Amino acid sequence: TNFGSIFRNRSFRIHILMYIAAYTSMDVVMAWLKFYLNDVLQKPGILSTGLAVMIVCELVMLPAYVALANKKSHGTALIAGFVLWFAGMGLFALHTPESSTIAILLNCALIGAGLSAAVSIPWSILPFVTDVDTLITGKRRAGTYAGAMTLIRKLIQGLLVLPMLGLVLTLIEYQPASGAETVVQTAKTLGAMKLMFIASPMIVIALGIAASMRLAINKKTHRIMMDEIERLEKGGRKEDASSEAIEICERLSGHPYESLMPLQGAPKRA
């Protein structure tokens, strides 16, 4: 099927790991932020403000990541965002109920600055990944790739992150408040909540950084690949390809050069 065949694309396999790491970490942070602020830091009144600060910082930082992606590479831009986000999560572990609201909101700003790359960069990589698919198949299948990313996102969110939230809260013996009463959680429960909010996204973010470092698509490699695609579309012979073009095409696609672009002429739409 079309869906299964897209995983033959090495660049897509790396890209989807980056995407999953970014969005799964974001879902975990957003799912647990309320509980962390309310129960661990005992500051239930700042959730809305903290979320607003994150969103504003996401928007403010977006042009910087776009500029970095254009100057260096999309992988570099995503790594920069992941590093800021990772640092922000680590700093959150240092807060206590005695921490000032300003300090916590500044921490939210740092996380938002990192989230900006995680939310935007994976989707901006998609057109480059589908160009690699054209190299492999000789077809234009952008819609298939976009649909696969959306499906994978919904599956992870609906089958993993959200169900796990309720399950983990039960396992750690979380006691929900009823009405206006305040429930003081046990030290064991608070420790587990801290672990889930801090450690679990940091682990996934680290995996995202590792995946991003393996992405070989940048301005230079993409240009050389597109030039080679254009040459082959115009009837150029594979035996006339330069060694640099062969190496880059194989690195991006994960396939021997001889097997690429099986359909000569104008690429077909799947």
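Side notes on the structure shown:
- Enumeration of residues in the stretch 72-120 that are touching a residue at least 60 places away in the same chain (Cβ under 8 Å) and not in a helix (DSSP H, G or I): Lys72, Ser73, Ala93
- Identity of the residue in the stretch 241-270, open to solvent by 70 Å² or more (accessible area, probe 1.4 Å) and modelled with pLDDT under 95, that ends up farthest from Thr144 (Cα to Cα): Glu258
- Qualifying residue in the stretch 31-53 (condition: in a helix (DSSP H, G or I), in contact (Cβ under 8 Å) with a residue 60 or more places away in the chain and under 27 Å from Thr144 (Cβ atoms)): no
Yes/no per residue for (1) closer than 25 Å to Gln42 by Cα; (2) surrounded by fewer than 18 Cβ atoms within 10 Å (Cβ to Cβ); (3) not hydroxyl-bearing (Ser, Thr, Tyr):
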{"residue": "Leu115", "(1), (2), (3)": "yes, no, yes"}
{"residue": "Trp123", "(1), (2), (3)": "no, yes, yes"}
{"residue": "Asp133", "(1), (2), (3)": "no, no, yes"}
{"residue": "Leu151", "(1), (2), (3)": "no, yes, yes"}
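- Residue ID - nearest to the chain's Cα centre (by Cα), chosen from residues in the stretch 202-227 that are among the small types (Gly, Ala, Ser) and within 15 Å of Met89 (Cα to Cα): Gly208
- Filtered by the rule that a residue be closer than 19 Å to Met202 by Cα and of a type in the set (Gly, Ala, Ser), the stretch 89-119 gives Gly90, Ala93, Ala109, Gly112, Ala113, Gly114, Ser116, Ala117, Ala118.
The values are calculated or read from the model by the stated rules, or taken from the named source; none is laboratory data. The structure displayed is predicted, hence computed values, not measured ones. Using ideal geometry, Cβ is built from the backbone for each residue, glycine included, and neighbour counts are taken over all protein chains shown. Just so you know, the surface numbers come from the protein's heavy atoms only, side chains and all, with ligands and any DNA or RNA stripped out. Shrake-Rupley method; radii C 1.70, N 1.55, O 1.52, S 1.80 Å.
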